[in-house]
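Quick note: the coordinates plus some simple rules give every number you see, no bench work behind them. If you're wondering where the values come from, they're calculated on a predicted model, not measured in any experiment. Every residue, glycine among them, receives a Cβ derived from its backbone with ideal geometry; neighbour counts consider all protein chains shown.
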Amino acid sequence: MSQSKSAPRFRGVFPVVPTIFDERGALDLEGQKRAVDFMIDAGSDGLCILANFSEQFVLSDEERERLTPLILDHVAGRVPVIVTTTHFSTQVCAERSRRAQDAGAAMVMVMPPYHGATIRLPEAGIFEFFQGVSDAIDIPIMIQDAPVSGTVLSAPLLARMAREIAQVSYFKIEVPFAAGKLRELLALGGEAIEGPWDGEEAITLMADLEAGATGAMTGGGFPDGIQQIMRPWAAGDREAAAAAYQRWLPLINYENRQCGLLAAKALMREGGVIRCDAPRAPLRPLHPDTRAGLLAVARRADPLVLRWGR
């Protein structure tokens, strides 16, 4: 049985770090470091690397193993770092997670095993998978509950894993009706749920906070804006949090509905943080009109990203 997890080790704003490429699609390691520095300067409580919004699915294993220590060494303990280690194989995911721990990761984030449109596991297999990953490490596991996996993770299953699997203690809930699922998860899991977190670029952040969320994993473009919501909320000032949410919601919405994982890099390029905002093929760049729309909305909110590198 897991020990009590009632005092969370990690909470607040932990945005996803985009992977920075040059015009040829090669890793831009200096740009990568600048992106990390900006995100810390913008008030991030922690960072998450190699996630879906990091384009992890276009990276080779060798590039993953290069980026993990490079970013962790560059962060140098300024903030905790979550490393995404998702893989279908229990063995590979466990090995990735152990290497991330050895490199200094504070936590790993893992999706349930899935492949293509049809290969999924029943609940018993999902439980065994996370048990195998947990057995390999001594740091927390965040389960990412997102539609991209095509796997339904019931609140009773998530709560059971929190109670019975030692390192499973954080949950990024970004499915439809996320707030309702967070409430059910907390009701079923109690103190075993150390970190009920919001995701999906904070599009449901206020409802999720009201449901008990203590963390937000968002895009990397404007952590300062998300902090304007999270910090008043944590201090008990719900009206200030709600007012900030209304100010930032147009940009949150534009990222979530129009740009997806390309928003953060477009904002970083515009603000001089990075030189190139291109994704890696076969992903397509933002349409020029979409990019212009994003920047117009962002300028009204005045995030640090548009000024940081100027």
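Relative contact order of the chain: 21 percent, from C-alpha pairs under 8 Å at least 6 residues apart in sequence. The Cα atoms of the range 1-135 give a gyration tensor whose axes a ≥ b ≥ c have a/c of 1.5 or more with a/b no greater than b/c, which makes the shape oblate. In a DSSP loop and with at most 14 other Cβ atoms within 10 Å, there are no GluC sites (Glu not before Pro) in the range 194-290. Here the Karplus relation 6.51 cos²θ - 1.76 cosθ + 1.60, evaluated at θ = phi - 60°, turns the backbone of the range 61-76 into coupling constants of 4, 5, 5, 4, 5, 7, 6, 4, x, 4, 6, 4, 5, 6, 4, 6 Hz, with x for every Gly and Pro. Taking amide H as placed 1.01 Å from N in the peptide plane, residue 171 has its amide H under 5 Å from the amide H of 143, 195, 197, each at least 5 places away in sequence or on another chain. Of the residues 227, 246, 167, the one that moves most in a GNM of the chain with alpha-carbon contacts below 10 Å is 246. Taking the Cβ of residue 300 as the center, what net charge do the other residues with Cβ under 15 Å away carry, scoring Lys and Arg +1 and Asp and Glu -1? Net charge around residue 300: -1.
Taking the centroid of alpha carbons for each part, the range 194-230 and the range 232-284 are 12 Å apart. Among 198, 135, 277, the residue with the largest mean-square fluctuation in a Gaussian network model of the chain, with springs joining Cα atoms closer than 10 Å, is 135. Pairs of Lys residues in the chain are counted when their Cα atoms are under 29 angstrom apart and they lie 8 or more places apart or on different chains; the count is 6. Relative contact order of the range 107-212: 25 percent, from C-alpha pairs under 8 Å at least 6 residues apart in sequence.
With a ≥ b ≥ c taken as the square roots of the eigenvalues of the C-alpha gyration tensor of the range 12-302, please select rounded if a/c is under 1.5 and otherwise prolate if a/b is larger than b/c or oblate if it is not? The shape class here is oblate. The loop-placed GluC sites (Glu not before Pro) in the range 1-75, going by DSSP, that have at most 15 neighbouring Cβ atoms within 10 Å of their Cβ come out as 23.
If you run the Gaussian network model on the chain, springs between alpha carbon atoms under 10 Å, then out of 138, 28, 61 the most flexible one is 61. Under the combined filter of DSSP loop state and at most 10 neighbouring Cβ atoms within 10 Å, the range 1-99 retains these trypsin sites (Lys or Arg not before Pro): 24. Taking every DSSP helix (H) stretch of at least 4 residues in the chain, weighting each as -39,500 (n - 2.57) and dividing the sum by the residue count yields a mean residue ellipticity at 222 nm of -13500 deg cm²/dmol. At a threshold of 8 angstrom on Cα-Cα distance, excluding pairs fewer than six apart, so keeping six or more, what relative contact order does the range 155-310 reach in percent? Relative contact order, the range 155-310: 18 percent.
Multiplying the residue separation of residue 73 and residue 121 by 0.36 nm and subtracting their alpha-carbon distance yields 13.7 nm. For the range 235-245, putting each phi into the Karplus relation 6.51 cos²θ - 1.76 cosθ + 1.60 with θ = phi - 60° gives couplings of 7, x, 9, 5, 5, 5, 5, 5, 5, 5, 4 Hz, in residue order, rounded to whole numbers and with x for Gly and Pro. Placing +1 on each Lys and Arg Cβ and -1 on each Asp and Glu Cβ, with no other charges, gives the chain a dipole about its Cα centre of roughly 500 debye.
Counting 0.36 nm for each residue step from residue 60 to residue 131 and taking away their Cα separation leaves a gain of 23.0 nm. Backbone geometry of the range 292-304 corresponds, through the Karplus equation with coefficients 6.51, -1.76 and 1.60 at θ = phi - 60°, to 3J(HN,Hα) couplings of 4, x, 4, 5, 5, 5, 5, 4, 5, 8, 6, x, 4 Hz, x marking Gly and Pro.
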